[in-house]
Amino acid sequence: MSPERSQQEAQLRPEIGRLQLFALSFGMIIGAAWITLLGIWIADAGPIGSIVAFGLGAVMLVPIGLCYAEMIGAFPVTGGPIVYCYRLLGPRYSYWAGWLILMTTVPVIALQGISLGWVIDALWPALRGEEIYSFAGSDVHTGDLVIGISGLAVLCWINWSGGGSAGRAQEILTALLLVSVVILMITALLNGHLDNLAPGFVRSDSGSIWPGVLAVFITTPFLLSGFESIAQGAGERTEDVSARNAASIIVTAIICATVFYVLVILAASSVAPRMQLLSADLPTAAAFEIGLGSTNLARVVLIGGICGLITSWNASIFVALRIMITLGRLHFLWPGFGRGSGARARPTVSVLFIAGLSLVGILLGRNAVLPLVIACSVSIGLTFFLVAICVLMGRIHHPNLERPFRAPGGIAVACFAAASAMTITVLAFSEPWLAAPGHVPIEAWITISSLVLGYVMWVFSQRWRNSISEEERERILIEK
């Protein structure tokens, strides 16, 4: 690669430490779902059923997280699964790994833009503005769009400024989120009643608790998968962050996030009766206002929700940006995505591309939130499957590959992770069809459209892929 070409590439410097990696990971996991989806969880599965669903999700995701940790140690560069698949499965799988991550992160970015307007509406209803149009039965208002688009612009600018800026913002927002939630948990423990948890499970017409538990379970891959940000930030971590540190951060983030969701479910469900929660627009905030008779406490919940939302939003942009840069550098897409502009070679084109796709999602409105979550779970499951297969192929065909961290359990754990990932994918794709037989669900339209778009871009990018040799592509991977 020529020196001039190297200088044109978007610069990603090693400036992300342990605390920032944890904040990016945990912050990406804890978004606004604990505010916007709590009512759906309780309605589908009940508080205890929802807790069981999150427990099952954590059991499946920890082995997957360990597979990620092994790959991060073996390939400590920006790009995550794109790099793992390229080295162990080949270029085509590498491209699809990147595209699947984009199918996950871009809808999340849009979802957080929708949710920000939703939460701020509850704080200041006058800001919602006039209705412009409707989508899937949801009214979209001027205030919602202005708030969502403004937040998107600010966070894109932060990430355009560099990984260190994104990491520092994440630390502050994650701390504010945790302080808000700790205050509310203590209040709930002092004022909640276990009787309000009844019924703990929601039973189907046949008397089974499992349909409700599975309905919540299929959202858990989306809700617990923020450790992908660690894989994307591996090339920018500081020298004191070892592969073993990265593994412990991943597992800690999954466990902490699971505990977080369990405590939120218990706290909100214990301070208010079930039917009052289900009738509220934002059940988590309403739980404290109803149970404790305090509007101020409800506002604290919403402020905490905004902090959680922004941490997830920021981390999702962080991941999406690095995916676009990597795909561009490898010439899987237009090489301009991997180049920067200005004195610091900032990734302007990639930022604008991600912002444009996310803007389309923000325009869909509130009823697109759950379909976006489930569609993301499909692409997350497929990405996890590819990473688990990379670990298997590496152990079988490249036993001498340097691995600063080895997933405990070896091939057995990788097989379990692959089976878990495929289970997640099948359940997430099939459940919406079963819930509404005879109709093509929105989730399926999102998933199918994204896959078709990915295939079209792959076909049209052939000229750029062929413009460099595999040897040069290997050098790019090493230099990153």
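The values are calculated or read from the model by the stated rules, or taken from the named source; none is laboratory data. Everything quoted here is computed from the prediction, not taken from an experiment. With ideal geometry, Cβ positions are generated from the backbone for all residues, glycine too; neighbour counts draw on all protein chains shown. Remember, those area values only see protein heavy atoms, side chains included, never the ligands or the DNA or RNA. Shrake-Rupley method; radii C 1.70, N 1.55, O 1.52, S 1.80 Å.
Among the candidates Ala234, Ala243, single out the residue that is surrounded by fewer than 22 Cβ atoms within 10 Å (Cβ to Cβ), aliphatic (A, V, I, L, M) and modelled with pLDDT under 80.
On the way: Ala234 fails: surrounded by fewer than 22 Cβ atoms within 10 Å (Cβ to Cβ).
Just one listed residue meets the conditions, Ala243.
Please indicate, with yes or no, whether at least one residue in segment 46-58 is at negative phi, crowded, with 24+ Cβ neighbours inside 10 Å and either in contact with a Pro (Cβ under 6 Å, 6 or more places away or on another chain) or at pLDDT below 90 (or both).
Scanning segment 46-58, I find no residue that is at negative phi, crowded, with 24+ Cβ neighbours inside 10 Å and either in contact with a Pro (Cβ under 6 Å, 6 or more places away or on another chain) or at pLDDT below 90 (or both), so the answer is no.
For segment 59-95, what are the residues that are of a type in the set (Gly, Ala, Ser) and modelled with pLDDT of 90 or more?
Quick first cut of segment 59-95, residues of a type in the set (Gly, Ala, Ser) only: 65, 69, 73-74, 79-80, 90, 94.
Hits for segment 59-95 are Gly65, Gly90, Ser94.
Which one of Ser312, Ser358 is more than 22 Å from Tyr68 (Cα to Cα) and either open to solvent by less than 10 Å² (accessible area, probe 1.4 Å) or at pLDDT 90 or above (or both)? Walk me through it before giving the result.
Values: Ser312 fails: more than 22 Å from Tyr68 (Cα to Cα).
Every option except Ser358 fails the conditions.
Could you say which residue among Ile306, Ile290 is within 26 Å of the chain's Cα centre (by Cα) and either over 16 Å from Val182 (Cβ atoms) or not basic (Lys, Arg) (or both)?
On the way: Ile290 fails: within 26 Å of the chain's Cα centre (by Cα).
Sole residue among the options that is within 26 Å of the chain's Cα centre (by Cα) and either over 16 Å from Val182 (Cβ atoms) or not basic (Lys, Arg) (or both): Ile306.
Within the set of pairs 6 or more residues apart or between chains, which connect a residue that is more than 29 Å from Met103 (Cα to Cα) inside segment 384-411 to a residue that is among the aromatic types (Phe, Trp, Tyr) with Cβ atoms less than 9 Å apart?
Gly409/Phe416
Would you check if Leu145 is touching a Gly at 6+ places or on another chain (Cβ under 8 Å) and at pLDDT 90 or above? Let's see the steps before the verdict.
Values: touching a Gly at 6+ places or on another chain (Cβ under 8 Å): yes; at pLDDT 90 or above: yes.
When the stated conditions are applied, Leu145 passes them.
Just one of Asn314, Asn296 is touching a Leu at 6+ places or on another chain (Cβ under 6 Å), assigned to a helix (DSSP H, G or I) and among the polar types (S, T, N, Q); which is it? Please lay out each step first, then the result.
Working: Asn296 fails: touching a Leu at 6+ places or on another chain (Cβ under 6 Å).
Testing whether each residue is touching a Leu at 6+ places or on another chain (Cβ under 6 Å), assigned to a helix (DSSP H, G or I) and among the polar types (S, T, N, Q) leaves just Asn314.
Out of segment 471-480, which residues are surrounded by 11 or more Cβ atoms within 10 Å (Cβ to Cβ) and assigned to a helix (DSSP H, G or I)?
First, the residues of segment 471-480 that are surrounded by 11 or more Cβ atoms within 10 Å (Cβ to Cβ): 472-477, 479-480.
Within segment 471-480, Glu472, Arg473, Glu474, Arg475, Ile476, Leu477, Glu479 meet the criteria.
Looking only at segment 430-467, count every residue that is surrounded by fewer than 16 Cβ atoms within 10 Å (Cβ to Cβ), assigned to a loop (DSSP other than H, G, I, E, B) and either in contact (Cβ under 8 Å) with a residue 24 or more places away in the chain or among the charged types (D, E, K, R) (or both) and tell me the total.
The qualifying residues number 1.
Which residue, of Ala287, Ala268, Ala320, Ala272, is open to solvent by less than 10 Å² (accessible area, probe 1.4 Å) and either touching a Lys or Arg at 6+ places or on another chain (Cβ under 7 Å) or under 30 Å from Leu357 (Cβ atoms) (or both)?
Values: Ala287 fails: either touching a Lys or Arg at 6+ places or on another chain (Cβ under 7 Å) or under 30 Å from Leu357 (Cβ atoms) (or both); Ala268 fails: either touching a Lys or Arg at 6+ places or on another chain (Cβ under 7 Å) or under 30 Å from Leu357 (Cβ atoms) (or both); Ala272 fails: either touching a Lys or Arg at 6+ places or on another chain (Cβ under 7 Å) or under 30 Å from Leu357 (Cβ atoms) (or both).
Being open to solvent by less than 10 Å² (accessible area, probe 1.4 Å) and either touching a Lys or Arg at 6+ places or on another chain (Cβ under 7 Å) or under 30 Å from Leu357 (Cβ atoms) (or both) holds for just one of Ala287, Ala268, Ala320, Ala272, which is Ala320.
Checking Ile396 against (1) buried (at least 22 other Cβ atoms within 10 Å of the Cβ); (2) in a helix (DSSP H, G or I); (3) among the aliphatic types (A, V, I, L, M), which test does it fail?
Here Ile396 clears every test but (1).
Can you give me the number of residues within segment 400-429 that are open to solvent by less than 40 Å² (accessible area, probe 1.4 Å) and more than 21 Å from the chain's Cα centre (by Cα)?
So the first thing to find is which residues in segment 400-429 are open to solvent by less than 40 Å² (accessible area, probe 1.4 Å), and the list is 403, 405, 407, 410, 413-414, 417-418, 420-421, 424-425, 428.
In the following step, the residues that additionally are more than 21 Å from the chain's Cα centre (by Cα) were identified as 403, 405, 407, 410, 413-414.
Here the count works out to 6.
Out of the residues in segment 159-190 meeting the condition of being of a type in the set (S, T, N, Q) and closer than 25 Å to Thr348 by Cα, tell me which one is modelled with the highest pLDDT. Steps first, please.
Of the residues in segment 159-190, the ones of a type in the set (S, T, N, Q) are 159, 161, 165, 170, 174, 180, 187.
Still in the list and also closer than 25 Å to Thr348 by Cα: 159, 161, 165, 170.
Values: Asn159: 80, Ser161: 73, Ser165: 51, Gln170: 60.
If we take residues in segment 159-190 being of a type in the set (S, T, N, Q) and closer than 25 Å to Thr348 by Cα, then Asn159 is modelled with the highest pLDDT.
Could you list, ordered by first residue, the pairs with Cβ atoms under 6 Å in which the first is in segment 142-162 and within 25 Å of Gly338 (Cα to Cα) and the second is among the β-branched types (Val, Ile, Thr) and open to solvent by less than 60 Å² (accessible area, probe 1.4 Å), at least 6 apart or interchain?
From segment 142-162, the pairs are Leu155/Ile317; Cys156/Val351; Asn159/Ile317; Trp160/Val351.
Taking Gly226 as the residue in question, decide whether it is at pLDDT below 80, open to solvent by less than 10 Å² (accessible area, probe 1.4 Å), out of contact with any Lys or Arg (no Cβ under 6 Å at 6 or more places or on another chain) and not in a helix (DSSP H, G or I). Give the derivation first.
Details: at pLDDT below 80: yes; open to solvent by less than 10 Å² (accessible area, probe 1.4 Å): yes; out of contact with any Lys or Arg (no Cβ under 6 Å at 6 or more places or on another chain): yes; not in a helix (DSSP H, G or I): yes.
Yes, satisfied.
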